[in-house]
Each structure stands twice: as structure tokens, then as C-alpha cells.
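Visitor: One structure is given below, represented as C-alpha cells, and several questions about it will come after.
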Number of protein chains: 2
Amino acid sequence: MSLTTEQRRELVEAALGHRKLDCLIENVHLVNVFTGEVYPAGVGIYRGYIAHVEADPDDAGNRDADELEADQTIDGEGMYLTPGLIDSHVHIESSMMTPANFTEAVLPHGTTTVVTDPHEIANVLGLRGVKYMQQSSRDLPMRQYILAPSCVPSVPGLETTGAEFGSCEVAEMLEWERVIGVAEVMDFPGVIGGSERMRGIVGEALGHGMFVQGHCPELTGRALSAYLCAGPRSDHEIRFGDEAREKMRLGMTIDARESSISRNLAEILPAVRDFDAPPNLTLCTDDKEPADLLAEGHINHAVRRAIEEGLSPGQALRAATLQAARSVGLDELGAVAPGYAADLLLIPSLANMQPAAVMVAGEVVARDGKMVTSTPDPGDFPVERENTVHLDALAPETFAVRAPVGEGTVITRVLSYAGDDSLYASWEKRELPVRDGKVDISGAGDLHYVGVFNRHGAPENRFTGIIRNFGIGEGAVASTISHDCHNLTTVASNPEDAALAANALVDCGGGIACARGGEILALLELPVAGLISTLPAAELGPRTDHLKETLREMGLTGADPLLRIATLTLAVIPEAKITDQGLVDVNAQKLVPLFTDEQ
Amino acid sequence: MSLTTEQRRELVEAALGHRKLDCLIENVHLVNVFTGEVYPAGVGIYRGYIAHVEADPDDAGNRDADELEADQTIDGEGMYLTPGLIDSHVHIESSMMTPANFTEAVLPHGTTTVVTDPHEIANVLGLRGVKYMQQSSRDLPMRQYILAPSCVPSVPGLETTGAEFGSCEVAEMLEWERVIGVAEVMDFPGVIGGSERMRGIVGEALGHGMFVQGHCPELTGRALSAYLCAGPRSDHEIRFGDEAREKMRLGMTIDARESSISRNLAEILPAVRDFDAPPNLTLCTDDKEPADLLAEGHINHAVRRAIEEGLSPGQALRAATLQAARSVGLDELGAVAPGYAADLLLIPSLANMQPAAVMVAGEVVARDGKMVTSTPDPGDFPVERENTVHLDALAPETFAVRAPVGEGTVITRVLSYAGDDSLYASWEKRELPVRDGKVDISGAGDLHYVGVFNRHGAPENRFTGIIRNFGIGEGAVASTISHDCHNLTTVASNPEDAALAANALVDCGGGIACARGGEILALLELPVAGLISTLPAAELGPRTDHLKETLREMGLTGADPLLRIATLTLAVIPEAKITDQGLVDVNAQKLVPLFTDEQ
């Protein structure tokens, strides 16, 4: 965004009073993100931008008492006025909503701008997926900026996915409207190790003078310095206090995260709150599910949590507005000042952070937690009707694990979970019986079949294995959300239920399904790329709740039962993962055989 | 500046220890401008950039204790290590030195980067002048960034100057290396009033995504909002506390100034120091004379003053480094962190702010107040040998004031000073005797002849009048520094001394001259554009001191006798000025007649 010369001319005239303002907001307490002050003020708006701010503080800073004239006057009723909130890193796909439905879910909570990374849909649909996210967010009543996904796939060579992005694809995306940089550069070993691919991708963004978003959990010392030297300047993967301190000292922008599963503010903020108003702090949600958006909010929840963790409201809001905008180069966002976009919140309580009114570009778009403007129909997108689960119906025997012997036993490498909550599996070896050429787990209640099936047009790429302590008892769960390749992934006690759940997804174009005893227990349809529903949050929330309840009832009692299945293939998280290419030893970043000779 | 892909690759390898560092600085207390902390640290440098920072703080943030290997190790002896200082707004011409000599004067004080506005020389030599400043600063051991002058001339129509810049000239300059935006947009009435010229010039910078520097003394309320809406985002002309508060609240970057004559920190900083670490504060010098640079320093003096005014050392340094760099879009400057340029200071005392060592791009360039590297010969510039005083020798009668009558009296408009120190003259009317068709001031000890003579090739543009309480007694002073047109300006008790002083400048190519009783008392030669000497500070300082002493001895006992003559033509300062076009009523921005019928 950037004001045109003509817009500037008109805004100047409106500031001077030569044009009538569109809107005047009076009787508010302005939270000034430059000075940290809170004081009475009035704000004049013209054509979506702030034309004038009239301060009325005690110390006579107000030296221009002329009446401001406007078409419309909003009485702020003494509430706080703040800039609209900015999410510095989010995957909209994780909300399972379209950009339009996501807008309706987060705008009432005061998020007026998001910096998105559409790398989930990119892994399924490639540039077409990113284009869909870009085009379908074009005329929304919130601002959705896009970073070009940098790691599609996240671990080349260890999985097959729907697309591969190199510097050419990134260069193309960087020319698109509202694309402002390169998204989380997750392949930090590649960046540090000097991989041609990552150097090319990062180089494209830097050559455009654009932002490069980082991602480097627990990277420290020289390797962290190397990563910073390579170009990325932010990180949202920080989980520990000393990690936050080290990264902040090195000038890295800390996008402190409060997602559905990763609630990092409690660790990060106490560790950095004695720093002197560091400019390199923002807030982000990364991944947040619809039910959580409905229940607790979005970035406003992160601001509320930041205040609970000891930041002053001014500093928490500065992080979530001005600093977030500056960190990604959005110079007209994040402040209540002349020449800035009129994205504003009226908030009765800074501790509560629930806006009574949300304005974007000078228009009231939400009041008291509800949209008051209709989101324009984003148009017809064939992608939304395309079945991206490119698989024929799968027979039950597809889900069995074939052994190298006909009968007897085999020593099998098993993915093993320690507890309910963890997304971290480790390797175990187990001697298992073989019947009819297949591994038989019927006698072992802690074991399930696990399978990953390429759904991107290469059905020959598939792999089945054994998993321990996954958490479900009898039955099967299948998912086409399966980070980051989003192949079809199943976990089942028996091949029949596996086939039932999987085929339900093949039919409906993807989602998550649970089956037991030949019956579908729950089916969450996500027909857009197998990741996204076309339902709004109010309808989708109860459905995801129902699915989660079903999974809990099946035995997945941990914090987020959905993520258990969705992260089985995520070969960047230690240490045992499975993809359509086989078992992945994440620490070694290589495939390991399913069967072995040694115990 | 921006690291190339290849430089980044090497820097990454150096960070990892795969390349030997060029330099390691050990045993220092790092002043961290992100966090405000001070802690023990080591810094590794490779090819001019910081490859690694090893923190060694109490709280075990240091998790990478490997030895760093380097070609050279510098023992910081426990001193403070800070980023090099940045002057956010300076006219190098005001130092009367070439860019190379200016470098030698300010580098030992720790100024490693300046953001310059060459608008003085631009008014004399046009694009050739700016090009000279750009080319002659190319390979210096400090960073000189250039803003394209926006107001050449400053008041079109009321004076004739050596050049006129419109949007075409600005567009051309914006393509030059190290030009990073548009310089102080002084014509704020034009900006607010929507003048085509100013809109075009500002539009060029914004269209390039570049910085637009502001200049709007005492602008307030709606007019200030209008100015901000038009594009400029900074101001260095702030002289009052409430002005600073209003502008800072509106997000304007305050380039707080400590120049030779305008010492604004004492007003600004106490007014804003209760704000919560506002990000929109920088420090600048604007105009600083050689003797002051030698005696008190440069931006380090401003930092010292800021600390005296109550800023913490961390905040004062953040303003003079990181915030200054960010305000103008220099992303690789202003911090001690991986990927930043290795511009560093070793400082024994933060209160004193006198660096023991100054590094630029990883090389030690000054120690203990002295340069230790030779400034490379910037090359041969014909501009330096060009006499820009395009006037033939002036006869004494040129300086007389012709009256509309042969004998009798005339009522004359007189520029009148109230006191010694002021640069502000007001209008007075005075009935004066006429002899031989000329106004005769021989009987009035408080009156002098004043004259302005176009020296840019239009000698027909000249004007003489009468001035009161200028301050000198018998004799004459002449100057080719005469803001901003830099025409030849004289003040004299008699036409003979006026001619003597003026012709000395015609001969030598400009400068400042004093004459009395047919004798030159002092002559400061400024042969480059009539503004700049080719002498270094150590030689130039004593010469300017001698000139000032002479002026004081003649009667100019105010704070800065040089500025008295140099600002007579500055038709943006109220209320009575004179140019080569006539008498200027600054408040009305129009020419007024010398003689009048009414008392």
C-alpha cells in the first residue's frame, strides 16, 4: 500500500479543513504507540487515512482548537483508541478457513492486518494455491499481506509433495500485489550450509529490498550469527527465555507466539521485560484453530497475555502495531497519526483487549465482537471446487505392512510416543509376528498401522509402518492435513477402518475422518486443497469440536488431538517421522529402513 | 549499501568459523542498542561486517564458548563498545570543508555516517555541485549518504540563484549511488498549499520508496498534520519543548539538533524524556563550524548533551545509531549485531563520549582523537579550481544607494536589528538626506549600506539598501556565504571599503572579507563554490577564528558574527531580508519598495 500523489493531495486538503472529513472520532483516550502515553484526543479521517489527530492533553500540547467538520462523528464514549492489531506471522490455512471466513473470525477481535505465509496450500497446489490465497483476499475488509513461501517442500528429497519452489517461483510471487517478502526460511541448515536453493530464494527477496522472515528454533551461538548474516531477521519459533534474550540482543525481531498449541509468551516475555523497550518485538499466532479463535480471540489475546506477563499496555500495543508494521516494511500501518491508514480500535478495557469497535480504512467493520459489514463475495475460484486428493479408492490391504518374510517375526523400526501431549516421537525396535507376509499387530494394544499416501498425482509414492502409543484404541483416523506435504496420512488398529476413513477423504476432497467398526464416527470436510473448509468459523468451530471430541473419546486425550495426526509427517521435528518415501530419521535427515537385523 | 549474495555467503562461513575472521574485538562492554543493556562481549569481523557477537553476560546467555580465530585481535581494555554514530541531518558546506577534510574532522569524534544535504553548493553549482559532493565522498573512510536538495532555490521568485531544481533534477539525483532520499523540504507552505513543484519533488522520492526529510519550524495543529500527510516524516527545526512533544506524538522523527548556533537539546530532551523510549528520536548537527568541531566534537557532543539532559546512555546511543539508521532506511547500520556493518567505537567513558578508537567497515580509522588512516585522495575535481564569483571588479559607486531625487530627503525602508545576537531583522522607515542623487548616511552612526550582487552569471541582478544596528562600525564586510542563494553580500559604512572587501572575494573565488580604511583586515578564502575551503580543520579553524575576532573587533559581539552577514538574504526567516531582487517582506513573501511616501 502506498498513498498515490492524488490521494496525498486530498488528504492534505482534508487535514487543513479544505475538505470535509469523512469521519471524526471524538471523546477517546488515545494510546500513543510512539510515546507510550494515553491521553484524550480526537481523530479525523478522510478516504481511509488519518488526516489529523487533535491532542487534548493536560500540558497544552493542543494548540489548534478549531472545530473539525466531518460527515460522521463517532463518540468514543471515553474508550481507548489504538491502532488496529497486526499478526506478524500466521498461516491462514491453520484456521481451516478461507481468507474471507478467516477475516470474519479475527476482525471482530481487532486484527486488522495479517502477514501470512500460505505455505500449506503451496505444498498442495503450488503457485496456484498461493495465487488463490492472494486473489481471494483482494477486497476483504482487512489487510492480508503475503510472504512468498520459501520452503516448499520443507525437506526436499525426503517426501514428495504437490509443488517445488525455487528462486524462479519466489521471484514470480514477489512481483504480485501485497506480496511483501519471503516467508519463514525454515531450512536453516540449508541457509547456513550455503545451499544453492536457499541462497537463491533469500537472494531474491534481498535483491528486491524485501523482508526475509526467519525460523530457527533453538539456534544459538555462531550458527545463529551465520543465519542472521545470511539475511533472515526474525524468528517466531522461540520457546525459551534465554533463547529470546540471545536473539533479541542480536537484533533479531522476536515474533513472540501465542498459537493454539505453542503458547510461548509465558517463557519469552518475563525473560525480556527488563530490556529497555526493545524495538524488535512483535506478536504472532502462527497457527490457530477456529474454536480457539472463537473462544479466546486472536492477536488481542496475545496482547492481553503480554500485559499479564508484565509488559505495559503501551509496550504490548507498540509490539502488536507499530513494531510489527515496521518489521515487515509496512510504513503506513501501525500508528494513529496523520498519513497512516485509519485502522483503529475502540477498546473499553486494555486489560481485556476486546474491542467495542474495529475500523479498517476508516470504516467500522465490527462492533462488540460481531462483523457489521458484509465481506464482499471474493469471487468464484475453481480451486475451491477441485478435489486435490488425487487417489483412487484404497483397498484395506493397502494399509497393511508387508514383511520380507511370509511367516515368523521381523524386527521393525517403530515410531514411538512417550506421552499424550507430545508431538515428538522417537525410534524403537520391536520384534513383531508375521502372518501371510504381513506384520501382525493384533496382539499388541499399544501398536497401530501408520500410512502415508501421496495425494498429489504420484500414488506410487506410499509407505506404511508401525506406530506405538499413538493414543487411539480401536479404529482409524485419516487426515489430509499432514504438515508440510499434506499427503494422506492414516493411523489405524485395522486395515478396514483405515480404508473407510481414508476413502471418505478421497471422496470429499480431504479433511479429517475417524472410523471404527466399519462406521464413520466423524468427518471434517476440508474440500479446499484438503486443508480448508468453506464454512465460517461459527459453523466450522462446532464441527472441529465434534471431531476433537471423537478423537478424545477414541483415546487422544492430549492438548491438541488434531495435531497428533497432522504432524506425523513433519520431518523437521525430531526425531522419528514418516513420509510417503519411508521412515525419516529427522536428526540425520535421512530415510531409514523399516526392518532391521538388529534388536 | 547492501551485502551482495557472495559477500553474504562468505560472512556466513566466517560466522561459522569456516573462514578465519579478519578481526576479533575482545574484552569490551557492549552497549546493546536493542535491549539497552551493557555487558561483556566479543565481536568478530569479516570483510567489513560483523560476523558474530559473543555475549558473555551473567545470565548464561553465552552458549557457544568456542574460541574465535582471527588474523588480528583488539583488546578493548574493558572499554565500552558502541555502534558508530550517525548524524541524521548535516550540511557539510557549513563546516566550510571538503567532504574529505570534513571526514578527518568528525571521524575521530566517532561519527561514522552522515546523512547530508548539499543544498548550499546546489544553489551555486546546481547538479554539478551535488555531483561534486557525491563523487568527492566516494572512497572516504566514513559513510556519507546524500539527500537530493529539494529547495533550490528556497524561495523561487524572490531571488536569483545559480540553479533551479524541479522534479526532473531530483529524479536524476535519486538514481545516483548513495543518494537515499529527498532533503529537508523547507518549502512547507508550498507542500501544504499543494504547489506543483513541491508535489512533484516529494512524489519522486515517495515513488522510489525513499525517505523524505522534513523541515517545518513551529508548524502545529492542522497545518502540521497536512505536512505529514504530504509525505515528509522528520523535522530538525524543533526549538521548543511543546513543539517536540506535539511532533513526536504525531510520529514525526525528531532529529534533535545541536549545531554551532542552534542548541536545541536543552529544550527538546527535557520535554520528551518522560516518554517511553520513543523510537522517533535521532540527533543531528545541521550546521557546525570548524572551530566548534575541533573544540567540542560532533554527534558525540550531542550524545553527551543528551545524557546530561537525562536520557540514559542506552537511549541516547540508540537515537544516534539504530534509530537514525532506521529513520532513513539504512538497514545495515546502527547496531553491533551479525550482518551489520562493522562501524564501531571503543569509548572509555559514556559520559565523556570521546572514542579511544573508531572503526569503519572493520578498519581502525582513528585513535585518541586522531586519524590513523590516510584519507585517500578523492581525485581531481575541476569544480575546486573554478571561480564561481561571476562578477567583474566592482566600482565603489556600485555600493551607493541611488535616490529618486537629486537632493533633499527620502523616506527609506531600513532593515533593523534589535540586538547583537539576533538573526531576525524587522522593518523601519527613516527619513534620510540625499546628496548628488545618493542616500547619505554619513551622519548616522547606526546605519550602513547593504548590497546583494548576483554572482551566478546575472550581474544585472543587484540591489543596495540601508541597514540599521548591523553591528560593525567603520569599514566593510563581504561574504559569498549568503544563505541560501549565496550571492555576494556586503555591509559597509562607506562604498570604498565595500568595494575593497567585495573585490577581494571576486579575485579569490569567494569567502568572507573585512576591510577598513582602504585595507583588508581579514580574508577567509573559500574558493570551492565560494563556500568551502580546501584546508583541513586544523588550518581552517584558526583562520575562521581570526576572521571572527576581526568581526568582533569591528563591533559584531554577538554569538556568531559570521551568521550575521550570512543570513541577511535568508528570505525564510522573518521579517526583513534583502536579496539581489530587492527588499523582501518575509511574512508576506513579497518584494517591497526601498523608498516610500509615508513615514
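The values are calculated or read from the model by the stated rules, or taken from the named source; none is laboratory data. Predicted model only: the values in this text are computed from it and were never measured. No Cβ is skipped: glycine too gets one built from the backbone with ideal geometry, and neighbour counts run over all protein chains shown.
Visitor: For A:LEU322, only one of the following conditions fails: (1) over 24 Å from A:GLY78 (Cα atoms); (2) buried (at least 24 other Cβ atoms within 10 Å of the Cβ). What is its number?
Guide: Only one criterion is unmet by A:LEU322, namely (1).
Listed here are the residues, each with its yes/no results for (1) touching a Ser or Thr at 6+ places or on another chain (Cβ under 6 Å); (2) surrounded by 18 or more Cβ atoms within 10 Å (Cβ to Cβ).
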position: B:ALA403; (1), (2): no, yes
position: B:TYR417; (1), (2): no, yes
position: B:SER422; (1), (2): no, no
position: B:PRO433; (1), (2): yes, no
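Visitor: Taking the options A:GLY207, A:GLY190, name whichever one is over 21 Å from A:LEU125 (Cβ atoms), among the small types (Gly, Ala, Ser) and either in contact with a His (Cβ under 9 Å, 6 or more places away or on another chain) or crowded, with 19+ Cβ neighbours inside 10 Å (or both).
Guide: On the way: A:GLY207 fails: either in contact with a His (Cβ under 9 Å, 6 or more places away or on another chain) or crowded, with 19+ Cβ neighbours inside 10 Å (or both).
Within the list A:GLY207, A:GLY190, the selection yields A:GLY190.
Visitor: Report, by residue number, each residue of the stretch B:458-490 that is outside any strand (DSSP E or B), within 28 Å of the chain's Cα centre (by Cα) and among the small types (Gly, Ala, Ser).
Guide: Listed by number, the residues that qualify are B:ALA458, B:GLY471, B:SER482.
Visitor: What number of residues within the stretch A:12-41 satisfy the criterion of being of a type in the set (S, T, N, Q) and farther than 26 Å from B:VAL272 by Cβ?
Guide: The first filter runs over the stretch A:12-41 and keeps only residues of a type in the set (S, T, N, Q), leaving A:27, A:32, A:35.
Narrowing further to those that are farther than 26 Å from B:VAL272 by Cβ: A:27.
Total satisfying the criteria: 1.
Visitor: Okay, next question. Here's a check for you: in the stretch A:253-273, which residue that is assigned to a loop (DSSP other than H, G, I, E, B) and modelled with pLDDT under 95 is farthest from the other protein chains (Cβ to nearest Cβ)? Step through it out loud before you land on a result.
Guide: Within the stretch A:253-273, the subset assigned to a loop (DSSP other than H, G, I, E, B) is A:259-262, A:264, A:273.
This time we only want the ones that are modelled with pLDDT under 95, so: A:259-262, A:273.
Numbers: A:SER259: 25, A:SER260: 30, A:ILE261: 26, A:SER262: 22, A:ARG273: 11 Å.
It comes out as A:SER260.
Visitor: Continuing with the same structure: Inspect the stretch B:50-70 for any residue being β-branched (Val, Ile, Thr), part of a strand (DSSP E or B) and either out of contact with any Leu (no Cβ under 6 Å at 6 or more places or on another chain) or modelled with pLDDT of 95 or more (or both) and give the result as yes or no.
Guide: Going residue by residue through the stretch B:50-70, those that are β-branched (Val, Ile, Thr) are B:50, B:53.
Applying the additional criterion that residues be part of a strand (DSSP E or B) yields B:50, B:53.
Among the residues that remain, those that are also either out of contact with any Leu (no Cβ under 6 Å at 6 or more places or on another chain) or modelled with pLDDT of 95 or more (or both) are: B:50, B:53.
Yes.
Visitor: Mind checking which residues of the stretch B:22-48 are β-branched (Val, Ile, Thr) and more than 9 Å from chain A (Cβ to nearest Cβ)? Walk me through it before giving the result.
Guide: Initial filter on the stretch B:22-48 (β-branched (Val, Ile, Thr)): B:25, B:28, B:31, B:33, B:35, B:38, B:43, B:45.
The answer is B:ILE25, B:VAL28, B:VAL31, B:VAL38, B:VAL43, B:ILE45.
Visitor: Which one is surrounded by the fewest Cβ atoms within 10 Å (Cβ to Cβ) among residues in the stretch A:1-21 that are touching an Asp or Glu at 6+ places or on another chain (Cβ under 8 Å), more than 10 Å from A:ILE50 (Cα to Cα) and more than 9 Å from every other protein chain (Cβ to nearest Cβ)?
Guide: A:LYS20
Visitor: Shifting gears a bit: Among the residues of the stretch A:309-324, is there at least one that is charged (D, E, K, R), over 30 Å from B:HIS208 (Cβ atoms) and either in contact with a Gly (Cβ under 8 Å, 6 or more places away or on another chain) or at the interface with another protein chain (Cβ under 9 Å from one of its Cβ atoms) (or both)? So that I can check it myself, show each step before the final result.
Guide: Taking the stretch A:309-324 first, the residues charged (D, E, K, R) are A:309, A:318.
Going one step further and asking which of them are over 30 Å from B:HIS208 (Cβ atoms), we end up with A:309.
Next cut, either in contact with a Gly (Cβ under 8 Å, 6 or more places away or on another chain) or at the interface with another protein chain (Cβ under 9 Å from one of its Cβ atoms) (or both) only: none.
Checked the stretch A:309-324: no residue is charged (D, E, K, R), over 30 Å from B:HIS208 (Cβ atoms) and either in contact with a Gly (Cβ under 8 Å, 6 or more places away or on another chain) or at the interface with another protein chain (Cβ under 9 Å from one of its Cβ atoms) (or both).
Visitor: How many residues does the stretch A:224-251 hold that are touching a strand residue (DSSP E or B) at 6+ places or on another chain (Cβ under 7 Å), at the interface with chain B (Cβ under 9 Å from one of its Cβ atoms), part of a helix (DSSP H, G or I) and over 14 Å from B:HIS52 (Cβ atoms)?
Guide: 1
Visitor: Six or more apart or on different chains, Cβ under 6 Å: which pairs go from a residue in the stretch B:209-227 that's basic (Lys, Arg) to one that's crowded, with 24+ Cβ neighbours inside 10 Å and not in a loop (DSSP other than H, G, I, E, B)? Could you list them?
Guide: Once the first residue is basic (Lys, Arg) and sits in the stretch B:209-227, its partners that are crowded, with 24+ Cβ neighbours inside 10 Å and not in a loop (DSSP other than H, G, I, E, B) give B:ARG222/A:ALA15; B:ARG222/A:HIS52.
Visitor: Of A:ARG239, A:ARG257, which residue is at negative phi, basic (Lys, Arg) and surrounded by fewer than 21 Cβ atoms within 10 Å (Cβ to Cβ)?
Guide: Working: A:ARG257 fails: surrounded by fewer than 21 Cβ atoms within 10 Å (Cβ to Cβ).
Among A:ARG239, A:ARG257, only A:ARG239 is at negative phi, basic (Lys, Arg) and surrounded by fewer than 21 Cβ atoms within 10 Å (Cβ to Cβ).
Visitor: Still on this model: Condition (residue is within 14 Å of another protein chain (Cβ to nearest Cβ) and in contact (Cβ under 8 Å) with a residue 24 or more places away in the chain) applied to the stretch B:378-391: is it met by at least one residue? Walk me through how you get there before you give the answer.
Guide: So the first thing to find is which residues in the stretch B:378-391 are within 14 Å of another protein chain (Cβ to nearest Cβ), and the list is none.
No, the stretch B:378-391 has no match at all.
Visitor: Scanning for something surrounded by 20 or more Cβ atoms within 10 Å (Cβ to Cβ), more than 35 Å from the chain's Cα centre (by Cα) and among the small types (Gly, Ala, Ser), does the stretch B:43-53 turn up at least one residue?
Guide: no
Visitor: Quick one: count up the residues across the stretch A:564-578 that are more than 21 Å from A:VAL410 (Cα to Cα) and surrounded by 20 or more Cβ atoms within 10 Å (Cβ to Cβ). Steps first, answer last, please.
Guide: So in the stretch A:564-578, the residues more than 21 Å from A:VAL410 (Cα to Cα) come out as A:564-575.
After this cut, where a residue has to be surrounded by 20 or more Cβ atoms within 10 Å (Cβ to Cβ) as well, the list is A:564-572.
Of the residues in the stretch A:564-578, 9 are more than 21 Å from A:VAL410 (Cα to Cα) and surrounded by 20 or more Cβ atoms within 10 Å (Cβ to Cβ).
Visitor: Shifting gears a bit: Name every residue in the stretch B:159-183 that is buried (at least 23 other Cβ atoms within 10 Å of the Cβ) and in contact with a Gly (Cβ under 7 Å, 6 or more places away or on another chain), in order of residue number.
Guide: B:GLY162
Visitor: Kindly indicate whether A:SER426 is farther than 25 Å from A:GLY530 by Cβ, of a type in the set (Ser, Thr, Tyr) and in a loop (DSSP other than H, G, I, E, B). Step through it out loud before you land on a result.
Guide: On the way: farther than 25 Å from A:GLY530 by Cβ: yes; of a type in the set (Ser, Thr, Tyr): yes; in a loop (DSSP other than H, G, I, E, B): no.
In short, no.
Visitor: Sort through A:LEU563, A:LEU505 and tell me the only one that's in a helix (DSSP H, G or I), under 17 Å from the mean Cα position of the chain (by Cα) and on the phi < 0 side of the Ramachandran plot. First the steps, then the outcome.
Guide: Values: A:LEU505 fails: under 17 Å from the mean Cα position of the chain (by Cα).
That would be A:LEU563, the only listed residue that is in a helix (DSSP H, G or I), under 17 Å from the mean Cα position of the chain (by Cα) and on the phi < 0 side of the Ramachandran plot.
Visitor: Suppose we filter B:GLY379, B:GLY362, B:GLY339 for residues that are modelled with pLDDT under 95 and either surrounded by fewer than 22 Cβ atoms within 10 Å (Cβ to Cβ) or over 15 Å from B:LEU30 (Cβ atoms) (or both); which single one remains?
Guide: Values: B:GLY362 fails: modelled with pLDDT under 95; B:GLY339 fails: modelled with pLDDT under 95.
The unique qualifying residue is B:GLY379.
Visitor: Out of the residues in the stretch A:187-209 meeting the condition of being under 22 Å from B:VAL53 (Cα atoms) and in contact with a strand residue (DSSP E or B) (Cβ under 9 Å, 6 or more places away or on another chain), tell me which one is nearest to the other protein chains (Cβ to nearest Cβ).
Guide: First, the residues of the stretch A:187-209 that are under 22 Å from B:VAL53 (Cα atoms): A:188-194.
Then keep just the ones that are in contact with a strand residue (DSSP E or B) (Cβ under 9 Å, 6 or more places away or on another chain); that gives A:188, A:191.
Working: A:PHE188: 11, A:VAL191: 8 Å.
Checked the stretch A:187-209; the qualifying residue nearest to the other protein chains (Cβ to nearest Cβ) is A:VAL191.
Visitor: Assuming B:ILE74 fulfils every condition listed in (1) within 14 Å of another protein chain (Cβ to nearest Cβ); (2) in contact with a strand residue (DSSP E or B) (Cβ under 9 Å, 6 or more places away or on another chain) apart from one, which condition is it?
Guide: That leaves (1) as the condition not met.
Visitor: Kindly provide the set of residues from the stretch A:289-311 that are modelled with pLDDT of 95 or more, at negative phi and assigned to a loop (DSSP other than H, G, I, E, B), ordered by number.
Guide: Once the filter is applied, which keeps residues that are modelled with pLDDT of 95 or more, at negative phi and assigned to a loop (DSSP other than H, G, I, E, B), the stretch A:289-311 yields A:HIS298, A:GLU309, A:LEU311.
Visitor: While we're here: Read through the list (1) buried (at least 20 other Cβ atoms within 10 Å of the Cβ); (2) more than 22 Å from A:THR557 (Cβ to Cβ); (3) in contact (Cβ under 8 Å) with a residue 60 or more places away in the chain, then give the number of the only condition that A:VAL491 fails.
Guide: All conditions are met except number (2).
Visitor: Is there a residue being among the hydrophobic types (A, V, I, L, M, F, W, C), part of a loop (DSSP other than H, G, I, E, B), within 23 Å of the chain's Cα centre (by Cα) and surrounded by fewer than 24 Cβ atoms within 10 Å (Cβ to Cβ) anywhere in the stretch A:527-537? Steps first, please.
Guide: Going residue by residue through the stretch A:527-537, those that are among the hydrophobic types (A, V, I, L, M, F, W, C) are A:528-529, A:531-532, A:535, A:537.
From what's left, part of a loop (DSSP other than H, G, I, E, B): A:529, A:531, A:535.
Imposing the further condition that a residue be within 23 Å of the chain's Cα centre (by Cα) reduces the set to A:529, A:531, A:535.
When the remaining residues are screened for being surrounded by fewer than 24 Cβ atoms within 10 Å (Cβ to Cβ), the result is A:535.
Yes - at least one qualifying residue is present in the stretch A:527-537.
Visitor: Sticking with this structure for a sec: Given A:THR412, A:THR398, which one is at pLDDT 95 or above, crowded, with 20+ Cβ neighbours inside 10 Å, closer than 30 Å to A:SER482 by Cα and of a type in the set (S, T, N, Q)?
Guide: Working: A:THR398 fails: crowded, with 20+ Cβ neighbours inside 10 Å.
Only one candidate passes the filter, namely A:THR412.
Visitor: Further, regarding this structure: Can you tell me which residue is nearest to B:GLN7 (Cα to Cα) among those in the stretch A:210-223 that are surrounded by fewer than 23 Cβ atoms within 10 Å (Cβ to Cβ) and more than 8 Å from chain B (Cβ to nearest Cβ)?
Guide: Applying the filter and picking the extreme gives A:MET210.
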